[in-house]
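The values are calculated or read from the model by the stated rules, or taken from the named source; none is laboratory data. Not measured: the values here are computed from a predicted model. Glycine gets a Cβ as well: all are built from the backbone with ideal geometry, and neighbour counts include every protein chain shown. Just the protein is used for accessible areas: all its heavy atoms, side chains included, with ligands, DNA and RNA removed. Shrake-Rupley method; radii C 1.70, N 1.55, O 1.52, S 1.80 Å.
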Amino acid sequence: MKILVIDSIVPFENDRIGEIARALVHHLNARGDIESELLRIPHRNGDGERLLADMDVCQNLRLENVDRVIALRFPSYLVHHRHKTLWLLQQCTQSWVPNEPTASAEDRKLSDIIQSDDTQCFTECRRIFVGSLALGQQIETHNHATSHLLRPPVINPVLLADGEYGDYIFANGIPAPNRLEILIKAISRVSAARLIIAGVSKDSPQYEPLRGLITANNLVNKVTLELGSLSHDKTASFLKRALAYLDLSSGGNSLGLDTIEAFAAAKPILAVTDFGEKHEIVIDGETGKVVPATVEALANALDSLFSDRERTIRMGQAAHQTLNRLDLTWPRTVETLLAPDLGPSGDQGNGAKIRRNAPCPCGSGKRYKHCHGRYN
């Protein structure tokens, strides 16, 4: 069977979803009975005209010699195919513009076009999986689409194994402007605190304010900025040697691959109380520290992580055990994506029920209750 994984990305750039796409192709090929390749369609978010042009490219693409398609994000999932599975890890934010009170008439028109095309695309998909509960809720609200939750596993667990607990906290990306000053002031209050921020771009609007705050608070020796987009290997290297992971995002729309990878490296997470879906597994005092986004609260949490290393390490080990219980593995992910077209009640798409002790329709040789019956 020939399976084409489709993704949209800026040429010569990479991100976490791009890494997931490559990992998926690798694990599909590892089965032995599948031949898989990755198709990366050039796309950069821009104005309405640019978005519509990229959507047209995907919709007019015709695929030959492909048995199945697995698409990961906008606009690549608009490619037509008779057997398309959507594993939605990112949608176009412009499709939600009507909810914004400041949206212009032009913005609303663009949003209507995107929503209409998305809705048509989702009805063509054999199955839809989403990387987060929030994404599932969004497509149900805006596109009336039903989905199944399938969070992405760690890209390469080997890179995060057998780490150590160093003398710094690691963050991947600059925090939002409203959190930046709070973080820097908190670090200045804790003598032992040291922070490494990776993936910092000089083109980011937060770069100059961050540099200014570091200099103004005499933190040049305590806050290190790793410039440029880091490879997954390099990011994993920083993470596995960190004491903990810092996540100051708010209201996130996913559990977050950074969260999953921090837990895989047995690192507790320092987060704020409004950080969305991650509350499922980041529990204050057990797998990390969850505090209000204030200078005092962050400073106290930082001091606790650095001064009581034994407790910090125990929280990291508990985080790793929590991740193991979630069973986010590539074999299970591939098995789920390749499942036959089963409805939520366990039918085969034609209304015929599958008996729990019957062979699974996917051809694994297992009983249905021990195979895809677990996921339906």
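Among the residues of this structure, L326 does not count as one that is modelled with pLDDT under 95 and surrounded by 22 or more Cβ atoms within 10 Å (Cβ to Cβ). Whenever a residue of region 292-311 is under 15 Å from D274 (Cβ atoms) and touching a residue at least 24 places away in the same chain (Cβ under 8 Å), its partners that are part of a helix (DSSP H, G or I) and open to solvent by less than 60 Å² (accessible area, probe 1.4 Å), lying with C-beta atoms within less than 7 angstrom and at least six residues away or across chains, give the pairs A293/R179; A293/I182; T294/I182; L298/I182; L298/L183; L298/A186. Residues that are of a type in the set (D, E), in contact with a strand residue (DSSP E or B) (Cβ under 7 Å, 6 or more places away or on another chain) and closer than 25 Å to R22 by Cα within region 212-247 comprise just one, E226.
Filter region 112-131 down to the residues that are among the aliphatic types (A, V, I, L, M) and surrounded by 20 or more Cβ atoms within 10 Å (Cβ to Cβ), then identify the one that is nearest to the chain's Cα centre (by Cα).
Step one: filter region 112-131 for residues among the aliphatic types (A, V, I, L, M), giving 113-114, 128, 130.
Still in the list and also surrounded by 20 or more Cβ atoms within 10 Å (Cβ to Cβ): 114, 128, 130.
Numbers: I114: 22, I128: 16, V130: 10 Å.
Checked region 112-131; the qualifying residue nearest to the chain's Cα centre (by Cα) is V130.
Considering region 140-149, the residues that are assigned to a helix (DSSP H, G or I) and touching a residue at least 12 places away in the same chain (Cβ under 8 Å) include one that is nearest to P292 (Cα to Cα), namely H142. Counting just the residues of region 172-181 that are in a helix (DSSP H, G or I) and of a type outside the set (A, V, I, L, M, F, W, C), which one comes out farthest from L86 (Cα to Cα)? Here the answer is E181. Being at pLDDT below 90, aliphatic (A, V, I, L, M) and either surrounded by 22 or more Cβ atoms within 10 Å (Cβ to Cβ) or not in a loop (DSSP other than H, G, I, E, B) (or both) holds for only one residue in L305, L255, L225, and it is L255.
Can you confirm whether region 159-171 contains a residue that is on the phi < 0 side of the Ramachandran plot, within 14 Å of the chain's Cα centre (by Cα) and assigned to a loop (DSSP other than H, G, I, E, B)? Looking for residues that are on the phi < 0 side of the Ramachandran plot, within 14 Å of the chain's Cα centre (by Cα) and assigned to a loop (DSSP other than H, G, I, E, B), one finds none in region 159-171, hence no.
Would you mind stating whether R73 is modelled with pLDDT under 95, closer than 30 Å to E106 by Cβ and surrounded by 14 or more Cβ atoms within 10 Å (Cβ to Cβ)? Can you show your working first?
Numbers: modelled with pLDDT under 95: yes; closer than 30 Å to E106 by Cβ: yes; surrounded by 14 or more Cβ atoms within 10 Å (Cβ to Cβ): yes.
Judged against the criteria, R73 is a match.
Among what's in region 272-302 and is of a type in the set (D, E, K, R) and part of a helix (DSSP H, G or I), pick the residue that is modelled with the highest pLDDT. Going through the qualifying residues, I end up with E296.
Rundown of residues vs (1) outside any helix (DSSP H, G or I); (2) modelled with pLDDT of 95 or more; (3) among the charged types (D, E, K, R), yes/no style:
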{"residue": "L86", "(1), (2), (3)": "yes, yes, no"}
{"residue": "L89", "(1), (2), (3)": "yes, no, no"}
{"residue": "Q115", "(1), (2), (3)": "no, no, no"}
{"residue": "A134", "(1), (2), (3)": "no, no, no"}
{"residue": "Q138", "(1), (2), (3)": "no, no, no"}
{"residue": "R151", "(1), (2), (3)": "yes, no, yes"}
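Which one of the conditions (1) part of a helix (DSSP H, G or I); (2) out of contact with any Lys or Arg (no Cβ under 9 Å at 6 or more places or on another chain) does I187 fail to meet, given that it meets all the rest? If we test I187 against (1) part of a helix (DSSP H, G or I); (2) out of contact with any Lys or Arg (no Cβ under 9 Å at 6 or more places or on another chain), just (2) comes out false.
Among the listed residues L195, L150, which satisfies the condition of being over 15 Å from the mean Cα position of the chain (by Cα) and open to solvent by less than 10 Å² (accessible area, probe 1.4 Å)?
L195
For every residue, the table says whether it meets (1) open to solvent by less than 20 Å² (accessible area, probe 1.4 Å); (2) modelled with pLDDT of 95 or more; (3) farther than 28 Å from A198 by Cα.
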| position | (1), (2), (3) |
| --- | --- |
| S8 | yes, no, no |
| E13 | no, no, no |
| L24 | yes, yes, no |
| A30 | no, yes, yes |
| P42 | no, no, no |
| D47 | no, no, yes |
| R68 | no, yes, yes |
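A318 meets each of the listed conditions (1) out of contact with any helix residue (DSSP H, G or I) (no Cβ under 7 Å at 6 or more places or on another chain); (2) open to solvent by 80 Å² or more (accessible area, probe 1.4 Å) apart from (2).
Could you please find all residues in region 213-229 being in contact with a helix residue (DSSP H, G or I) (Cβ under 8 Å, 6 or more places away or on another chain) and free of Cβ contacts under 8 Å to residues at least 24 places away in the same chain?
Scanning region 213-229 gives a single hit, V220.
Can you find even one residue in region 157-169 that is closer than 23 Å to E226 by Cα, aromatic (F, W, Y) and open to solvent by less than 50 Å² (accessible area, probe 1.4 Å)? Taking every residue of region 157-169 in turn, at least one turns out to be closer than 23 Å to E226 by Cα, aromatic (F, W, Y) and open to solvent by less than 50 Å² (accessible area, probe 1.4 Å).
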